[in-house]
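Notes follow once the structure below has been shown.
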Amino acid sequence: MGEEKEDAKERVGDISLKDLSKKLEEFASARDWDKFHSPRNLLLAMVGEVGELSEIFQWRGEVQKGLPNWEESEREHLGEELSDVLLYLIRLSDMCGIDLGDAASRKLVKNAIKYPPPKLL
C-alpha cells in the first residue's frame, strides 16, 4: 500500500493512452473490479463524471481560455474531474475492444476530409 501511495505522488509527464490503459487494468484487477466493469456500467459511471465536470462550469457563464481568474483549488478540482472522465473513457474503450488512440487518429483524418480548411483567395 505504501508503494502505491508513493507511485501516486510521482508526477508523470507525458503518458500514453496505452500506459494509462495498462495502469487501469492493473488497478481494477488488484481490487477484483473487473466483474463490475461491463461497458454499460463504465458508460454510466462516465456519464456521472461528466455531470460532475459540468457542475464546475454550471453558473460561471463564459470562462476565459486558460482559466486566469480561477483559484488553484478550483483548477485542481477541474483536473480531477477531467481525469475521471478520461480514465472511464479509456477503460470503456478497452472493455469494448477499441484501440482509442487508433480510433481517435482515424477520426481526425475523417474530420480533416469532411471539414477542410477554407481556401485562401
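The values are calculated or read from the model by the stated rules, or taken from the named source; none is laboratory data. These numbers come from a predicted model, not from an experiment. SASA here: full protein model, heavy atoms, side chains in, ligands and nucleic acids out. Shrake-Rupley method; radii C 1.70, N 1.55, O 1.52, S 1.80 Å.
Out of all the residues in the stretch 82-121, which are within 20 Å of Arg40 (Cα to Cα) and not aliphatic (A, V, I, L, M)?
Selection gives Ser83, Asp84, Tyr88, Arg91, Ser93, Asp94, Cys96, Gly97, Asp99.
Considering only the stretch 28-80, how many residues are among the acidic types (Asp, Glu) and open to solvent by 80 Å² or more (accessible area, probe 1.4 Å)?
7
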